[in-house]
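Every read-out reported here was derived from the displayed coordinates using simple, explicitly stated rules and does not represent laboratory data. All figures in this text were calculated on a predicted structure; none of them were measured in a lab. Every residue, glycine as well, gets a Cβ built from its backbone with ideal geometry; the counts of neighbours run over all protein chains shown.
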Amino acid sequence: MTYGEVGRRDQPEKPITILINGKKCMAREGEIVLSVALREGVAIPHLCYEASLEPYGGCRLCMVEATDHGRTSMTTACSLRATEGLEVCTDTPEVVKYRNVLFELYLAEAPKSETIKEMAARYGVTKTSFLKKIDIEDALGGKCVLCGLCVRVCTEIMGAGAINFINRGPYTVVNTPYFEANTDCLGCGACANVCPTHAIQIEDRNGERVLHSWGGIKIPLKRCSSCGKYYTPEALAVSVQNTLMPPIRSDLAGFCPACRAKKCADMEIRAHMKTEGEGNHV
Amino acid sequence: MDEKTLDEIISRYDSPSGRLLGILEEIQTSEGYIPRDVLEMLSVKLDVRLSQLYSLVTFYSFFSLKPIGEHVVTVCMGTACHVRGAAEILTTLEKLLGIERGTTQDGKYSVTTKDNKFTLEIARCFGACSIAPVIDIDGDLYGYTTPERLPEILEDYGWREP
Ligand code: SF4
Ligand code: FES
Ligand code: FES
C-alpha cells in the first residue's frame, strides 16, 4: 500500500485496467490517475501533487484529456480517480497548448526558479510572453509558484499551521503572519522538503535551526543525550512526544534515532543473556 | 478592543462554521481596522491558527491591518472613469489631502492623512460608469467629478483648505 491510499482506506480495492496514451495500465479502482501514470513511467508534469496529501488540483500542470463512458473532458490527473475502461491522453494538441501557456505563466511567476526553467524546457517552452514578477525583497527569492504544498504539509500533516497564503491576486505570497517569526512553527522543515522549486531557505547553525524565508524563525536544536549530536528541533521533539501513543520511554526519549536503536539492541541482548544466564543455573 | 468586548462578539456566533468572517467584520467595523493584538487574542480564543486569520484578513479588501481615517474617499479607477480623467481626480485628491502616493505590501492603494481624518483608496468600477468619473465617500457616490469640484465636496466632510 502506498501513501496514495491515505484517506481512501474505506474503498474496496478492485484491480482494473485503464488506458494511458493507449497503454494498458493496471490500477486499483479509485486510485489517483497521476500516481498510476508515474508508476507506469508516463511523465506528466506536476507541481502541487503530493501522495500523502488530499488531492488539491492547484497548479493545473497535470492537465490531461480523459474519456469516460464516451464522454471526453479536460481534467487534472492528480484529482482524477481511476475507473474501469477510463482512457487518458497526456499530449493531445489541446493539452499541449494549455500546458505551454501554463509554463509561460510559471516562468513569469517564478523567474528565478531553475526547476521551473528545466521543467518548461523539457516541454519546449523557454520563453515567456508574460511580465516577469520581480521583487528583490521576496522572502522566497522569486522561486515560489504558489503551489501551496508547504502550507498544506505544515497544516494537514504537521498540524502546525505556521504559514499560509497572504494577500490575493498578483500580490499573493506564502509566509508567516506579519512576515515575522511565528511560535506555531515546529522547525520540522517539512515545507522546505516538499517545495518543488527549493524556494524555502532553512539553515542549521550553532545549535539552532533558522528559517530564513519565514521571518527568520529560530528554533533551538536538541542534542542527543548519548552521543551529543544535534538531531532534531526542540519544538518538534516536544510535539512528537506529545502525539505518540504511547510516548517514547523516558529513558530513551532524549536519544537520537541511531543511539536509540543501539540502546534498544543493547537492552535486548542483555535481557537475552540474562535469561540464558538464569537458564544455566537450573 | 478589550477582551470583554471580543468575548461578547464571539458569544454571538454559536456555530463554529463560517463565524470567522462575521467576527472579523465586527472587529473591523468597531475599530476601523483589525488590530494585531485583537487578532492574536482571537486566534487563542477560537483555537484557529494566526496564519489562517491573517490569510483571511489580507485576502478580503474589506479588512484593513492599519487604522483608517474617519472618512474613506475611494476613487474609481475603472476603465470608464479612467478614460474620463480619474487619474487627474486622484492626483488632485492627493494634493488636497496632502498625502503621498503609496501602495501597501499587498498592492492595495490606501493612504491615511496624518490627522487620521481621511483615507484615500482606489477601486475598480462602482458600476456607475454612466456618471464617470466617480468617487465614493463613506458610501455616497459623487458622479461627473472634476478636479475643480473636489474641494467643495471634501468640505462637507470637514476638510478645510490648509
Ligand atoms: S514556497 Fe514552495 S512549496 Fe510553498 S507555495 Fe511556494 S513553491 Fe509551493
Ligand atoms: S499536480 Fe495536478 S494540479 Fe498540480
Ligand atoms: S469605471 Fe468607474 S464606475 Fe465604472
Per residue of segment A:69-78, what does 6.51 cos²θ - 1.76 cosθ + 1.60 with θ = phi - 60° give for ³J(HN,Hα)? Whole Hz please, x for Gly and Pro, Karplus curve as stated.
6, x, 9, 9, 8, 8, 7, 8, 5, 7
Convert each backbone phi in segment B:24-39 into a coupling constant with the Karplus relation 6.51 cos²θ - 1.76 cosθ + 1.60 (shift: θ = phi - 60°), then list the ³J(HN,Hα) values in order as whole Hz, x for Gly and Pro.
4, 4, 5, 5, 4, 5, 7, 9, x, 6, 9, x, 4, 5, 5, 5
Label-point separation, B:E152 to B:T5 (7 Å along Cα→Cβ), nm:
3.9 nm
Within segment A:48-120, which chymotrypsin sites (Phe, Trp or Tyr not before Pro) sit in a loop by DSSP and count at most 12 neighbouring Cβ atoms inside 10 Å?
none
Cα→Cβ-extended label distance, 7 Å offset, between A:T126 and B:D140, nm
6.2 nm
For segment A:30-97, which GluC sites (Glu not before Pro) are in a loop by DSSP, counting at most 14 other Cβ atoms within 10 Å?
A:E84
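How big is the C-alpha Rg of the protein assembly as shown next to the rule-of-thumb value 2.2 N^0.38 Å, as a ratio?
Working: Rg = 28.5 Å, N = 444, 2.2 N^0.38 = 22.3 Å.
Compared with the compact-globule rule of thumb, the protein assembly as shown sits at 1.28.
In segment B:71-155, what percentage of the DSSP-assigned beta bridges are antiparallel, given to the nearest 5? Before the final figure, lay out the partial values.
Numbers: 10 of 16 bridges.
Beta bridges within segment B:71-155, antiparallel portion: roughly 60 percent.
Rounded to the nearest 0.05, what FRET efficiency do A:M267 and B:L46 give with R0 = 45 Å and r taken as the Cβ-Cβ distance? Could you check?
0.50
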Hand me the trypsin sites (Lys or Arg not before Pro) from segment A:62-161 located in a DSSP loop with no more than 10 other Cβ atoms within 10 Å, in residue order please.
A:K127
Given backbone amide H placed at 1.01 Å from N, residues whose amide H is under 5 Å from that of B:I122, ignoring those fewer than 5 places away on the same chain, are B:V75, B:Y109
Once whole DSSP H runs in chain A are found, which of them have Cα atoms spread over 20 Å or more along the helix axis and a mean Kyte-Doolittle score of at least -0.5?
A:93-109
Given the options A:N164, A:N193, A:N206, which has the most mean-square fluctuation in a GNM of chain A, springs set between C-alpha atoms less than 10 angstrom apart?
A:N206
Quick one: 3J(HN,Hα) in Hz for segment A:195-201, Karplus 6.51/-1.76/1.60 with θ = phi - 60°, rounded, Gly and Pro as x.
5, x, 10, 6, 8, 8, 9
Unit charges at the beta carbon, dipole of chain A: most positive-side option, A:H69, A:G30, A:V238:
A:V238
Let me check against my output: what whole-number percent is the relative contact order of chain A, with C-alpha pairs under 8 Å and at least 6 apart?
11 percent
Where does the charge balance sit around B:E94 when Lys and Arg score +1, Asp and Glu -1, over other residues with C-beta under 9 Å from its C-beta?
+1
Ranked by GNM mean-square fluctuation in chain A (Cα springs under 10 Å), the top entry among A:V145, A:V33, A:V42 is A:V42
Longest site-free stretch - chain B; sites: trypsin sites (Lys or Arg not before Pro), DSSP loop, at most 12 other Cβ within 10 Å:
B:13-100
What percent antiparallel are the DSSP beta bridges of the protein assembly as shown, to the nearest 5?
85 percent
Find the relative contact order for segment B:3-59 and round it to a whole percent, using C-alpha pairs within less than 8 Å whose residues are 6+ positions apart.
26 percent
Percent RCO, i.e. relative contact order, over segment A:143-282, from Cα pairs under 8 Å lying at least 6 residues apart
16 percent
Go through A:N182, A:I202, A:G124 and say which Cα lies farthest out towards the positive end of the charge dipole of the protein assembly as shown; charges sit on Cβ, +1 for Lys and Arg, -1 for Asp and Glu.
A:G124
Cβ-derived FRET efficiency at R0 35 Å, A:M245 paired with B:S30, nearest 0.05:
0.20
Segment A:48-114 shape via C-alpha gyration tensor axes, a/c threshold 1.5
oblate
Search the structure for amide H atoms under 5 Å from the amide H of A:D204, placed 1.01 Å from N in the peptide plane, and list their residues when 5 or more places away or on another chain.
A:V210
Inter-part distance where segment B:116-160 and segment A:167-208 are each reduced to a Cα centre, Å:
41 Å
Cβ charges +1 (Lys, Arg) and -1 (Asp, Glu), total dipole of segment A:3-91, debye:
60 debye
What is the local net charge at B:A132, summed over the other residues whose Cβ is closer than 15 Å to its Cβ (Lys, Arg +1; Asp, Glu -1)?
+1
Amide H to amide H under 5 Å from A:E31: which residues, 5+ apart in sequence or cross-chain, H placed 1.01 Å off N in plane?
A:A82
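Quick one: if the Förster radius is 51 Å, what FRET efficiency do B:F62 and A:T92 give, using the C-beta to C-beta distance and rounding to 0.05?
Numbers: r = 43 Å, r/R0 = 0.84.
E(calc), rounded to 0.05, equals 0.75.
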